[in-house]
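Asks: Okay, here's the structure, questions in a sec.
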Amino acid sequence: MAAREPSRYLTRALPRASVPSIRPQGFLSRRNVSDEAPARPQQHHSTRLHEQLLARTSFPEADTNSAPQNTTVVPSTLTNRRHHPTPSSRLFVPGPFSAPRAEQTFDSTVSPDIMTLCYVHTPPGFKPPPKSARLREWDDSSPYHKNRVLRGPRGGDVLRLLRKPIKFNNIPEIERITIHSYVKNAAAERNSSWLHVAGIAVQAISNVRVETFKSKSNVAPWGIASGRDSVAVKAELFGENMYHFLGKLVDVVLPRIKDWEGVKGSSGDSSGNITFGLIPENVALFPELEINYDMYPPKMIPGCHITLHTTAKTDKDARLLLSAMGIPFYGKIVN
């Protein structure tokens with residue numbers, strides 16, 4: 001059946017092909033059947049056009065000696081796989097298969113709300129008023145003012161970060177969380193068990209390997225010498241570990257603190273980073289320590305300072321973000 005169909009269609013097409021066409025034939029790649037024999041062999045129109053373009057255009061030859069040749073061979077396991085090696089590597093960890101609940105809350109609820117609250121409408125043709133210079137010039141009251149460096153703003157010499165209008169591409173978000181614990185008894189009693197317990201406790205609640213630090217100054221009442229004793233541990237959280245820790249902090253630990261009003265409104269470094277502290281009794285409320293409370297001596301459970309680093313440029317925007325994530329503030333608000 002399949003062998004008969006081409007012959008049937010061919011017999012139908014031959015009578016129609018013998019009729020001359022009124023359409024221009026210059027742009028067609030197929031010639032109709034004609035009584036006149038072609039003077040030269042038929043050539044495809046697109047091929048002729050391509051040859052004409054090549055004849056009109058002259059391309060300079062590439063100079064291979066001028067450009068340096070990069071002969072460095074990058075392994076395939078390192079290209080675009082900085083954090084996720086290939087499955088054949090022993091460092092490969094599958095996942096994450098789902099985002100933490102705190103991250104899902106930020107993406108679905110907090111981020112659109114902040115975008116709506118901070119939206120500033122600028123109609124077409126609007127020109128913002130000119131802003132004054134951030135650095136002040138010297139007056140001409142003294143000849144010594146000539147060629148001097150410009151003065152800082154009034155009220156202090158520190159220039160704060162410039163705040164840009166919040167749009168879809170710069171919504172404030174939490175960048176990382178730092179947990180820092182200072183263990184003064186580690187040097188006072190000359191016993192490393194205090195530092196070991198503090199490091200294990202911070203590592204348990206953060207799921208991140210901690211770093212130890214030595215003292216940078218002398219504290220005579222505590223018997224601490226500069227550069228001699230390790231007195232502090234620190235853990236920095238990013239990504240999934242950061243959101244898991246934030247979820248435990250907001251949903252489990254902070255609501256169980258008795259008579260806790262919140263974070264002070266004056267907390268912040270004027271650059272969008274908020275810090276608050278937890279006493280040892282509050283650190284023991286984390287699920288990882290509470291379920292294994294017998295493994296940690298109660299007197300050696302450390303307190304800690306928690307710093308929330310955000311991409312906000314001002315403390316006002318950072319408090320707005322953290323309040324939406326579930327961290328309350330109280331007292332006088334300092335911007």
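The values are calculated or read from the model by the stated rules, or taken from the named source; none is laboratory data. In this text the structure is predicted, and so the values were computed from the model without any measurement. Don't worry about glycine lacking a Cβ; one is built from the backbone with ideal geometry, like all the others, and counts go over all protein chains shown. Side chains included, ligands, DNA and RNA excluded: accessible areas come from the protein's heavy atoms. Shrake-Rupley method; radii C 1.70, N 1.55, O 1.52, S 1.80 Å.
Asks: Which one is modelled with the lowest pLDDT, of the residues in region 152-198 that are among the polar types (S, T, N, Q) and part of a loop (DSSP other than H, G, I, E, B)?
Replies: Narrowing region 152-198 to residues among the polar types (S, T, N, Q): 169-170, 178, 181, 185, 191-193.
Cutting the leftovers down to part of a loop (DSSP other than H, G, I, E, B) gives us 169-170, 191-192.
Numbers: N169: 89, N170: 89, N191: 75, S192: 82.
For region 152-198, the residue satisfying everything is N191.
Asks: If a residue must be among the hydrophobic types (A, V, I, L, M, F, W, C) and open to solvent by 30 Å² or more (accessible area, probe 1.4 Å), how many such residues does region 294-305 contain?
Replies: Our first condition is that a residue be among the hydrophobic types (A, V, I, L, M, F, W, C); within region 294-305, this holds for 295, 300-301, 304.
Subset that is open to solvent by 30 Å² or more (accessible area, probe 1.4 Å): 295, 300.
Number satisfying all stated conditions: 2.
Asks: Same structure, new question: If P302 meets every condition in (1) under 29 Å from the mean Cα position of the chain (by Cα); (2) in contact (Cβ under 8 Å) with a residue 60 or more places away in the chain apart from one, which number is that one?
Replies: (1)
Asks: Got a sec? Which of S111, S98 is outside any loop (DSSP other than H, G, I, E, B), modelled with pLDDT of 85 or more and within 32 Å of the chain's Cα centre (by Cα)? Talk me through it step by step, then tell me what you get.
Replies: Working: S98 fails: outside any loop (DSSP other than H, G, I, E, B).
Every option except S111 fails the conditions.
Asks: Residues being over 14 Å from V334 (Cα atoms), touching a residue at least 60 places away in the same chain (Cβ under 8 Å) and open to solvent by 30 Å² or more (accessible area, probe 1.4 Å): count how many of those fall in region 252-278.
Replies: The total comes to 1.
Asks: Right, something else. Scan region 97-109 and tell me whether some residue there is more than 18 Å from A324 (Cβ to Cβ) and out of contact with any Ser or Thr (no Cβ under 7 Å at 6 or more places or on another chain).
Replies: Step one: of region 97-109, the residues more than 18 Å from A324 (Cβ to Cβ) are 97-98.
When the remaining residues are screened for being out of contact with any Ser or Thr (no Cβ under 7 Å at 6 or more places or on another chain), the result is 97-98.
Checked region 97-109: at least one residue is more than 18 Å from A324 (Cβ to Cβ) and out of contact with any Ser or Thr (no Cβ under 7 Å at 6 or more places or on another chain).
Asks: So, in region 323-335, of the ones that are on the phi < 0 side of the Ramachandran plot and modelled with pLDDT under 90, which residue ends up least open to solvent (accessible area, probe 1.4 Å)? Before you say what the answer is, go through the steps one by one.
Replies: Just the residues of region 323-335 that are on the phi < 0 side of the Ramachandran plot, to begin with: 323-325, 327-330, 332-335.
With the extra rule that they be modelled with pLDDT under 90, the set shrinks to 332-335.
Numbers: K332: 166, I333: 88, V334: 71, N335: 90 Å².
Among them, the one singled out is V334.
Asks: Go through (1) of a type outside the set (K, R); (2) under 32 Å from the mean Cα position of the chain (by Cα); (3) surrounded by 11 or more Cβ atoms within 10 Å (Cβ to Cβ) one by one and return the number of the condition H145 breaks.
Replies: (2)
Each row is one residue, and each column tells you yes or no for (1) within 30 Å of L195 (Cα to Cα); (2) in contact with a Pro (Cβ under 6 Å, 6 or more places away or on another chain); (3) free of Cβ contacts under 8 Å to residues at least 60 places away in the same chain.
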| position | (1), (2), (3) |
| --- | --- |
| F126 | no, no, yes |
| P129 | no, no, yes |
| R148 | no, no, yes |
| G155 | no, no, yes |
| R163 | no, no, no |
| I166 | no, no, no |
| V183 | yes, yes, no |
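Asks: Another question, then. Only one of (1) outside any helix (DSSP H, G or I); (2) surrounded by fewer than 10 Cβ atoms within 10 Å (Cβ to Cβ) fails for Y119. Which number is that?
Replies: Of everything listed in (1) outside any helix (DSSP H, G or I); (2) surrounded by fewer than 10 Cβ atoms within 10 Å (Cβ to Cβ), Y119 misses just condition (2).
Asks: Between R90, R82, which is open to solvent by 90 Å² or more (accessible area, probe 1.4 Å), at pLDDT 65 or above, assigned to a loop (DSSP other than H, G, I, E, B) and among the basic types (K, R)?
Replies: Values: R82 fails: at pLDDT 65 or above.
Only one candidate passes the filter, namely R90.
Asks: Still on this model: Among the candidates L320, L289, L308, L249, single out the residue that is in contact with a helix residue (DSSP H, G or I) (Cβ under 8 Å, 6 or more places away or on another chain), open to solvent by less than 70 Å² (accessible area, probe 1.4 Å) and under 30 Å from S193 (Cβ atoms).
Replies: Values: L320 fails: under 30 Å from S193 (Cβ atoms); L308 fails: under 30 Å from S193 (Cβ atoms); L249 fails: in contact with a helix residue (DSSP H, G or I) (Cβ under 8 Å, 6 or more places away or on another chain).
Answer to the check: L289.
Asks: Just to verify a result, which residue in region 164-177, among those that are farther than 28 Å from F245 by Cβ and open to solvent by 100 Å² or more (accessible area, probe 1.4 Å), is nearest to the chain's Cα centre (by Cα)?
Replies: Within region 164-177, the first condition is being farther than 28 Å from F245 by Cβ, and the residues that meet it are 164-165, 167.
Narrowing further to those that are open to solvent by 100 Å² or more (accessible area, probe 1.4 Å): 164, 167.
Details: K164: 18, K167: 16 Å.
Looking at residues that are farther than 28 Å from F245 by Cβ and open to solvent by 100 Å² or more (accessible area, probe 1.4 Å), I get K167.
Asks: Now, a different point. If only one of L159, L117 is more than 19 Å from E173 (Cα to Cα), in contact (Cβ under 8 Å) with a residue 12 or more places away in the chain and under 31 Å from the mean Cα position of the chain (by Cα), which one is it?
Replies: Values: L117 fails: more than 19 Å from E173 (Cα to Cα).
Sole residue among the options that is more than 19 Å from E173 (Cα to Cα), in contact (Cβ under 8 Å) with a residue 12 or more places away in the chain and under 31 Å from the mean Cα position of the chain (by Cα): L159.
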